[in-house]
Amino acid sequence: MRLIHLPTFWTVLVDFIAWFIIHIGVAVVLVRIPAERFRPDDWLFKRRGWERDGEIYQRFFRIRKWKEHIPDAAPVLRSLGFPKKRLAGRGDAYFLAFARETCRAEATHWIIMLFAPLFFLWNPLSVGFFMIFYAVAENIPLIMAQRYNRYRLRRVVKGGQTEEGRAVNG
């Protein structure tokens, strides 16, 4: 029961363009929010018991095998992004900054998924549900990678505390 009827070609084109704009738009907006606003101990990002200190991601999802193949948007965003592919520094301040950036990336992917229902406006019902499936299938692995990275960062910083006394991961 779509509100906007378009020929198939235009519907597919609008779908691709809409996802591109959503991905880039959300990333550009969130990268402009000060890093201090993304705290690893906040409700969305905090550790969950079921994650078993991040081991759930390796044990059930074999994250180490595929995590390195995930694209990093930092090169696309140039000076706005924080590269997360490889460690580019050492010390507690860097690790805290990295942990905050994993929170920013996680928030970005949660927000991107929230846009999926918009696709019901111009797509048939079945395609609208496919867009929700796509949003979940594309973003959940990226969220898992950010959460896994925070657990790894926490293990690097002794006792989970930085020099500033802030938790790397609540």
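Here, each number is a calculation from the coordinates, and none is a lab measurement. Here the structure is a predicted model, which is why all the values come from computation and not from measurement. Note that each Cβ is placed from the backbone with ideal geometry, even for glycine, and that neighbours are counted across all protein chains shown.
Each Lys or Arg adds one and each Asp or Glu takes one away; over the other residues whose Cβ falls under 14 Å from the Cβ of Phe119, this sums to -1. At full extension, Tyr134 and Arg52 could sit 26.8 nm farther apart than now, given 0.36 nm per residue minus the alpha carbon distance.
Applying 1/(1 + (r/R0)^6) with R0 = 25 Å to the Cβ-Cβ distance of Glu68 and Tyr94 gives a FRET efficiency near 0.80.
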